[in-house]
Amino acid sequence: MAATSGTDEPPDIEMAWAMRAMQHAEVYYKLISSVDPQFLKLTKVDDQIYSEFRKNFETLRIDVLDPEELKSESAKEKWRPFCLKFNGIVEDFNYGTLLRLDCSQGYTEENTIFAPRIQFFAIEIARNREGYNKAVYISVQDKEGEKGVNNGGEKRADSGEEENTKNGGEKGADSGEEKEEGINREDKTDKGGEKGKEADKEINKSGEKAM
């Protein structure tokens, strides 16, 4: 029941297999991070896979997997008939796929093992339906929420600075207008004084003529 891997394949095929497995893992992790996993459907036969899985592995702990429950000789003997039931039902049912040991963590080297695709589906469908994968979803959503709050605070701070700058500019403009008005008043006063002096001169001239 060993997963099809690249161990007996040429290097190019082995590399292509590894890249495909990694891409599959990245897509799946993004999926359970962005959508509540309880509502996910991974295959057309999720109900059948889950039913058969829990019928054969009723007490298997799936939140944190014990590799021995998957890879030991006794475990393989138990998993083999389960996997073969889905030959022809699930495409590439025995293709090598990355599986997380601790479902609350991501795909790190320490937290990842290779497993047949049907084994991956069985465990991940159970994790989704039984609520174990929700820890990833909640964690990612909380982090995004914190980022949103922080960004909102920065925007509010920026708005405050813009408002202060705007108010400062308005005050500066008002002060400038007041100064300009003051200068205009002085100019008017000076002009008025000059006109008064000119008028006085005219009056004096008229008085001299009259005399």
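Only the coordinates and a few stated rules stand behind these numbers; no lab work does. Keep in mind the model is a prediction, meaning the values are calculated, not measured. Note: ideal-geometry Cβ built from the backbone for every residue, glycine included; neighbour counts use all protein chains shown.
Suppose the chain between ASP63 and ALA18 were pulled fully straight at 0.36 nm per residue; how much longer would it get relative to their current alpha carbon spacing?
13.7 nm
Run the quick spin-label model on PHE39 and ASN56: label points 7 Å from Cα toward the beta carbon, then report their separation in nm to one decimal.
3.1 nm
Please name whichever of GLY96, VAL140, ASN111 sits farthest to the positive end of the charge dipole of the range 90-153, dipole taken about the Cα centre and charges placed at Cβ: Lys and Arg +1, Asp and Glu -1.
Farthest towards the positive pole: VAL140.
Holding the Cα-Cα limit at 24 Å, pick out from LYS30/LYS55; LYS30/LYS85; LYS76/LYS134; LYS41/LYS71; LYS30/LYS147; LYS41/LYS85 the pairs that are longer than that.
Where the Cα-Cα span goes over 24 Å, the pairs concerned are LYS30/LYS55; LYS30/LYS85; LYS76/LYS134; LYS41/LYS71.
Taking just the C-alpha trace of the range 1-146, give me its Rg and Dmax in Å.
Cα-based Rg and Dmax for the range 1-146 come out at 15.1, 47 Å.
If I take every Cα pair under 8 Å that is 6 or more residues apart in the range 39-111, average their sequence separation and divide by the length, what percent do I get for the relative contact order?
Relative contact order for the range 39-111 comes out at 31 percent.
Rounded to the nearest 5, what % of DSSP beta bridges with both residues in the range 1-136 are antiparallel?
75 percent
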